[in-house]
Each structure stands twice: as structure tokens, then as C-alpha cells.
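Colleague: My structure is below; once you've seen it, I'll send some questions.
The values are calculated or read from the model by the stated rules, or taken from the named source; none is laboratory data. The shown structure was predicted, so the numbers you read here are calculated from the model rather than taken from an experiment. Cβ placement follows ideal geometry from the backbone for every residue including glycine, while neighbour counts extend to all protein chains displayed. The accessibility values were calculated without ligands, DNA or RNA, using every heavy atom of the protein model including side chains. Shrake-Rupley method; radii C 1.70, N 1.55, O 1.52, S 1.80 Å.
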Amino acid sequence: MTATVELRHRIGGEWTLGSGEPVESRSPAHPDRLIATGRAAVVEDVDAAVAAARLAAPDWARMPAGSRGVFLREAGRLLSDRAEVLGAELAAEEGKTLAEGVGEVRRAAQILEYFASVGDRQAGTVHHSPRAGERILVTRKPLGVVAAITPFNFPIAIPAWKIAPALAYGNTVVWKPAGPVPLLALRLAEALVEAGLPAGVLNLLIGGADLGSAMVAHPGIDGITFTGSTTVGRSIAALAAARGVPVQAELGGKNAAVVLADADLDLAVAQVAAGAFNSSGQKCTATSRVIVDESIADGFLARLVARADSLVVGDPLDPATQIGPVISDHARRSMLGAVAAATDAGVVRLTAREPEIGASGASRASGASRASGGGHFVAPTVLDCTGTEAAVWDDELFGPIVGVKRVSGTAEAFAEANRGEFGLTAAVFTRDLGTALEAMDAIDTGILHVNSESAGADPHVPFGGAKGSGLGPKEQGEAAQEFFTHTTTVYLRGGA
Ligand code: UN1
């Protein structure tokens, strides 16, 4: 990472510099290091972007799906070619490790590739008619202009998994990425522009929440896809419902890993640690509650805690680093505050390392740390919440902090997993097929992992949550079509 990148917006077929407030993207590992700078877009730019998207929409919708896919495939190829460079930029800007950053860029490329092939898949259904000489067709049409509002934590993969299906199914897009990650947004937009995407089909506006609000309220927006907090998602959905506009909202999680008495403990320790601590726990799919059968709890927790205490926290660009910083000082402080409140409420911290890693780089207790430069570091932390009613067991912290409760038996474990407002994903560790089948029925969740970590999502299958974790049609795979198109039922006769 050398020069600071100048940020640009994409409106119609033009790159523009913006006239709003100054925007700075800084490295969460080295907050004195500027990654990208520029000026925010202003609300008038939302009008211009929506107008450009509307202008482009009819031709884009009429283009054969296979031809639209050509642009997505080419953009995916460009991202693949640039994965190492963009992955390093991602790690510097967002804070996940270099390996995770490169992996995420490759994942974005894979998502573009998957949706490039929409033209090879079915576009609707044909039904019998009760009348002679008639068939009933259900065809699909794009919504029109879609607003995409994306979070910081997967700065290229989540935008790809919203924008790729939106475009593949014939919509044009106005996109506002999260404030902390404008550079990776620019990189995705650049790849699509270089791939030859026609003017106005994708519009990128960098800036603050005022832009998102203007997009949500804009009469020229026909659908909104959002990933972020449950509170914001519900307020967007309420505003959109008042206008009669559909919303796809992927929201919070407080995902349980259930470790049962018959689990393979080597596997469970490795997978629970990955689910809880990868990407510094900043995934809506991260494991944040571990529900462990008391018959195996001592051994399992000793190993999980040893693993957490051994993880190297530091600069995401250092290949030795296993846990990078969290996104901001505000996020770090709120996590540390939640841990302090939990211990006040009787929760026992099992990890030896202090969660707070000081500006000197050293955690105040022992533990592997290479953190320095005043970054927003939080040490992986395991909290025993058994027998308490601490808020940390229910509230999403979005950091490398995992709660634990000891339970007795499968029924109690599954009931505890169902606790709370969220239902995004869950993991169950067992070697018994019957128990795995029972988990499928008993746990109310959008995604269930049996013997693997709670995070992760493949592009060809539905992604999204139950209960307070999601609203509207799921993302990814064939499910994406549910949101990004509406149906026309055609009663078709020959005319003679
Ligand atoms: C993953 O688990 O790899 O915001 C993806 C999130 C999710 C994506 C998770 N929408 O964390």
C-alpha cells in the first residue's frame, strides 16, 4: 500500500469527484494511515444517479440475459486477475487478514461468474390450463431501478452478491457502500465499468447516511436491497412499505454453535474458533454463542480458550496475523464496554488475555499480539455466561467475543439455540445422524451447519435469516430471482 487513492463516484457514464463533505478512509490497523480520500456525493447526486439508472433501464431489461452476463463474467475475470492487489487493499481498508481479503475478492469474482450464467437457467414456468387450447406461463421481469445499500464487513463480496443478481435479472442499480470501505466499492465499480457495462446501469455514490435515506425515499427507486443492522433494516422496510416498494434486508445475528456430548471435539474446537474469530468476528454469520453439553464442557472449553489465547492479533497485512482489528474505535469501545458490563453481571472471562489491546500493541495480559500503531484491536475473548442473564448473551456485538453456556442434553441445547430475536445461522456438532435431523426441525434458523462453522455462504443456494435476521426474499442462488424480478402470469391461446 503506497499512495492514497482518490475516490470517485459513478453517475451515468461518468466518473465524478463529488461536492459534499470530505471523505477519508483510514486503516483500522493504523488509523493515521489514509487509504483513500475524496468528497462525498450530495443528495442532488442521488437524483442524477436515479435518473441515469432509469434512462438505462429499458435497454438493459430488453438485452438478452446471456448478453448481460458477458459484462459480469468479464468483471469477474478482472477481479480474479487483481485478487492479490485488491485483497491487500481490502485488508488495509477493512482490517480482515490478507488471506481473508484475497479470498473475499476471489469470492466476489465467483459470484459474478455464477450470475453471469443466469441466461443458461430457467426464466419462468409453464402450467396446464383448465381450458382447451391454452397454456399458462409465468414469466419474470426486472423490478426496474434497485437501490443497494451495503455494509463494511464484506466490502466487495456483499456488493457483488447484490449487484450481480440485480444486473443479471435486468435491473439497473444505484449503490451506496458503507462509509468505512469506499475504496473496495470503487474497485468493484471499476471492474464493471472496464468490463464495458453500459452507461447508467451501475451508479456508485460514496458518502453518508443522508444518501441512503434519499435513495430509500426516492420515487424513482423500485426496490431496495440492504444488509446491516436489524434496526436500520426495519426502518428502511417501513419507509419502503409506505411507498409500496419491495425490500430485501439481511440483518443481524446472534448465531449459536451447539456442541453436543457426542461431538468430535477436535473438529468442534477448530470450527467454533473459526466461526467466532475469523474476520475479527465481524460477520453477521459469526458464532457468538456456544452452547455446550456439560458432560464435555470442561475439555472443550479448555481447548477453545487455549486456541483463542494463542491467536495472533495484529496488522492484517502481516502474514503471521490471524486476527486483524475491528472497524473503528467506536466499535472497539462498545465491545469492551459490553465485556465489562458482562463481567459486572457475573459472567466469567475464560480467556487469559485482556480484551483490550493497548496502543502499545501489548495486551495487558499474556498472549500473542503484534498489534501496534493505535489500531482498533480487540483480543479474542471467551465469556462463560452460564447461570447469568447478561446482555452479552443476547446482543449482537460484531466482534471477536463469544459467550458460552453449559446445558444438559440435546433438547435444552436446541431450546437455548432458539432463544432471542435472531435466526440467521446455527452450527450443530454431533456424530449422530438422528440428532442432526432433529436439529433441522428444532432450530429456527435461515442457515444450519452440521459439523461446520456458522459462517460461510455459497453463491448458488439461498442465503438469509429467519425471525429478526431477515426480511423479504433470500439472497443468492435461484432465490435472488424472487427479489430482483416480479412475475407476469400469461394466459396464452393461439388466437384462432
Ligand atoms: C459469510 O458468512 O461468509 O454481513 C458471509 C454478513 C453476511 C455475509 C456472511 N451478509 O456478514
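Colleague: Any residue that is modelled with pLDDT under 95, open to solvent by 20 Å² or more (accessible area, probe 1.4 Å), within 16 Å of the ligand (Cβ to nearest atom) and among the polar types (S, T, N, Q) - is there at least one of those in segment 217-233?
Modeller: Checked against the condition, which is being modelled with pLDDT under 95, open to solvent by 20 Å² or more (accessible area, probe 1.4 Å), within 16 Å of the ligand (Cβ to nearest atom) and among the polar types (S, T, N, Q), segment 217-233 yields at least one hit.
Colleague: Count, please, the residues in segment 311-345 that happen to be in a loop (DSSP other than H, G, I, E, B), of a type in the set (D, E, K, R) and under 23 Å from the mean Cα position of the chain (by Cα).
Modeller: Residues that pass the stated criteria total 1.
Colleague: Is one or more of the residues making up segment 403-413 assigned by TED's automatic domain parsing to the domain that holds V305, within 16 Å of the ligand (Cβ to nearest atom) and open to solvent by less than 50 Å² (accessible area, probe 1.4 Å)?
Modeller: Checked against the condition, which is being assigned by TED's automatic domain parsing to the domain that holds V305, within 16 Å of the ligand (Cβ to nearest atom) and open to solvent by less than 50 Å² (accessible area, probe 1.4 Å), segment 403-413 yields no hits at all.
Colleague: Can you name the residue in segment 423-448 that is of a type in the set (A, V, I, L, M) and part of a strand (DSSP E or B) and is also nearest to the ligand (Cβ to nearest atom) among such residues?
Modeller: Top of the filtered list is I447.
Colleague: Also, I was wondering about something else. For segment 125-156, which positions are of a type outside the set (G, A, S) and open to solvent by 40 Å² or more (accessible area, probe 1.4 Å)?
Modeller: T125, V126, H127, H128, P130, R131, R135, L137, T139, R140, K141
Colleague: Can you run down the residue pairs with Cβ atoms below 9 Å, 6 or more apart or on separate chains, where the first is in segment 402-414 and in contact (Cβ under 8 Å) with a residue 40 or more places away in the chain and the partner is of a type in the set (V, I, T) and surrounded by fewer than 21 Cβ atoms within 10 Å (Cβ to Cβ)?
Modeller: Close Cβ pairs (under 9 Å, with a partner that is of a type in the set (V, I, T) and surrounded by fewer than 21 Cβ atoms within 10 Å (Cβ to Cβ)) amount to V404/T386; K405/T386; K405/T388; R406/T386; V407/T386.
Colleague: Here's a check for you: in segment 449-494, which residue that is hydrophobic (A, V, I, L, M, F, W, C) and in a strand (DSSP E or B) is farthest from the ligand (Cβ to nearest atom)?
Modeller: Out of the qualifying residues, it is L492.
Matching residues to (1) farther than 27 Å from S328 by Cα; (2) assigned by TED's automatic domain parsing to the domain that holds S229; (3) within 16 Å of the ligand (Cβ to nearest atom):
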position: E44; (1), (2), (3): yes, yes, no
position: A53; (1), (2), (3): yes, yes, no
position: E89; (1), (2), (3): no, yes, no
position: T97; (1), (2), (3): no, yes, yes
position: G119; (1), (2), (3): yes, yes, no
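Colleague: Within segment 211-245, which residues are over 19 Å from the mean Cα position of the chain (by Cα) and assigned to a loop (DSSP other than H, G, I, E, B)?
Modeller: Once the filter is applied, which keeps residues that are over 19 Å from the mean Cα position of the chain (by Cα) and assigned to a loop (DSSP other than H, G, I, E, B), segment 211-245 yields H218, P219, G220, I221, D222, G244, V245.
Colleague: With respect to A237, is the statement that it is outside the structural domain of G409 (by TED's automatic domain parsing), in contact (Cβ under 8 Å) with a residue 60 or more places away in the chain and not β-branched (V, I, T) true?
Modeller: Here the answer is yes, as A237 does meet what is asked.
Colleague: Which of the residues belonging to segment 237-255 are open to solvent by less than 10 Å² (accessible area, probe 1.4 Å) and away from the ligand (no atom under 16 Å from the Cβ)?
Modeller: Residue satisfying the conditions is A240 alone.
Colleague: Taking only segment 157-183 into account, find how many residues are within 15 Å of the ligand (Cβ to nearest atom), open to solvent by less than 10 Å² (accessible area, probe 1.4 Å), in contact with a helix residue (DSSP H, G or I) (Cβ under 8 Å, 6 or more places away or on another chain) and more than 19 Å from G220 (Cβ to Cβ).
Modeller: 7
Colleague: How many residues does segment 270-292 hold that are open to solvent by 10 Å² or more (accessible area, probe 1.4 Å), among the aliphatic types (A, V, I, L, M) and either more than 16 Å from the ligand (Cβ to nearest atom) or part of a strand (DSSP E or B) (or both)?
Modeller: Summing the residues that are open to solvent by 10 Å² or more (accessible area, probe 1.4 Å), among the aliphatic types (A, V, I, L, M) and either more than 16 Å from the ligand (Cβ to nearest atom) or part of a strand (DSSP E or B) (or both) in segment 270-292 gives 1.
Colleague: Condition first: among the basic types (K, R) and outside any helix (DSSP H, G or I). Now tell me which residues in segment 95-135 satisfy that.
Modeller: Result: K96, R121, R131, R135.
Colleague: Residue check, R33 against (1) touching a Lys or Arg at 6+ places or on another chain (Cβ under 9 Å); (2) open to solvent by less than 50 Å² (accessible area, probe 1.4 Å); (3) of a type outside the set (A, V, I, L, M, F, W, C); (4) touching a residue at least 40 places away in the same chain (Cβ under 8 Å), all met but one. Which one?
Modeller: Tallying (1) touching a Lys or Arg at 6+ places or on another chain (Cβ under 9 Å); (2) open to solvent by less than 50 Å² (accessible area, probe 1.4 Å); (3) of a type outside the set (A, V, I, L, M, F, W, C); (4) touching a residue at least 40 places away in the same chain (Cβ under 8 Å), R33 fails exactly one: (2).
Colleague: Criterion first (farther than 20 Å from E24 by Cα and open to solvent by 20 Å² or more (accessible area, probe 1.4 Å)) does A116 satisfy it?
Modeller: Criteria not met by A116.
Colleague: For segment 293-326, enumerate the residues that are closer than 14 Å to V378 by Cβ and crowded, with 24+ Cβ neighbours inside 10 Å.
Modeller: Within segment 293-326, A308, V313, G314, P316, T321, I323, G324, P325, V326 meet the criteria.
Colleague: Could I ask something else about it? Could you tell me which residue of segment 257-269 is surrounded by the fewest Cβ atoms within 10 Å (Cβ to Cβ), considering only residues that are part of a strand (DSSP E or B) and away from the ligand (no atom under 15 Å from the Cβ)?
Modeller: V258
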